[in-house]
1. Could you tell me which residue of segment 59-112 is nearest to Glu159 (Cα to Cα), considering only residues that are in contact (Cβ under 8 Å) with a residue 24 or more places away in the chain and touching a Lys or Arg at 6+ places or on another chain (Cβ under 6 Å)?
2. Quick one: in segment 94-133, of everything that is hydrophobic (A, V, I, L, M, F, W, C) and more than 20 Å from Leu38 (Cβ to Cβ), which residue is surrounded by the most Cβ atoms within 10 Å (Cβ to Cβ)?
3. If I ask for residues that are farther than 17 Å from Leu55 by Cα and either among the polar types (S, T, N, Q) or over 25 Å from the mean Cα position of the chain (by Cα) (or both), which ones from segment 99-110 would you list?
4. The conditions are (1) part of a helix (DSSP H, G or I); (2) at pLDDT 95 or above, and Gly128 fails exactly one of them. Which is it?
5. Considering each residue of segment 31-78, count those that are surrounded by 12 or more Cβ atoms within 10 Å (Cβ to Cβ) and in a helix (DSSP H, G or I), and give that number.
Amino acid sequence: MSKKLSSSGTEPVSSLADFDNSIGYLIVDTARFVRRSLHIRIGQHGLRGAYWQFLHSLWQGDGITQRELSERLGLMEPSVLEMLRLMEREGLVRRERDEVDRRKIRVYLTDSAKRLKTRLMKVAEANGEMMTRHIPSADEAKLRQMLRTIRQTLADDVEALVAGQQSAKALALTNVQKFETEVPKAKRRNARHRDTTRKKDASRTI
């Protein structure tokens with residue numbers, strides 16, 4: 001990747017063109033077109049394209065809680081809830097309170113949503129074949145392996161970052177608790193010191 005010098009002429013900086021050609025950007029931008037292409041094809045079957053990732057996840061196992069579904073999809077719970085309400089109105093899912101813990105709401109596919117699986121999986125497969133039609137089979141296999149490697153590297157990095165954040169929060173909490181414990185002790189020591197000083201002053205006066 002070519003580098004340009006900063007205005008000081010000392011530190012190399014990447015141009016926007018360099019960034020647009022980076023592996024990370026290309027993956028994200030490619031994923032945008034993959035998703036858009038698939039959503040359009042699913043829309044041709046009378047469904048919202050955005051339903052795909054929800055259906056695909058629930059086909060792998062429904063009856064999970066809304067929170068578990070949001071974690072699977074990597075989406076915020078309010079966004080998941082909004083989409084589930086739309087899907088519920090269209091007869092694709094039903095939501096029921098957990099029999100043991102009434103605070104939890106579980107998500108189930110309806111029979112009509114289950115019947116969509118075969119048809120929509122064929123749509124997704126056709127979309128996948130379309131986007132790799134100009135890539136030789138040998139190169140496609142290498143690409144799959146490289147993407148798996150990148151994905152695992154990122155997953156490990158995210159896990160380490162989350163662990164680091166949790167450790168930092170735990171340390172901060174410990175410091176706060178220590179501060180809250182030490183401050184009263186210091187106040188008591190100061191109070192005792194003032195009492196002792198007053199007593200000494202009083203004895204000198206007498």
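The values are calculated or read from the model by the stated rules, or taken from the named source; none is laboratory data. Not measured: the values here are computed from a predicted model. A quick note on method: Cβ atoms are made from the backbone with ideal geometry, for glycine too, and the neighbour counts reach across all protein chains shown.
1. Among those that are in contact (Cβ under 8 Å) with a residue 24 or more places away in the chain and touching a Lys or Arg at 6+ places or on another chain (Cβ under 6 Å), it is Thr65.
2. Only one residue tops the list, namely Val107.
3. Passing the criteria: Glu99, Val100, Asp101, Arg102.
4. Among (1) part of a helix (DSSP H, G or I); (2) at pLDDT 95 or above, Gly128 violates only (2).
5. Of the residues in segment 31-78, 26 are surrounded by 12 or more Cβ atoms within 10 Å (Cβ to Cβ) and in a helix (DSSP H, G or I).
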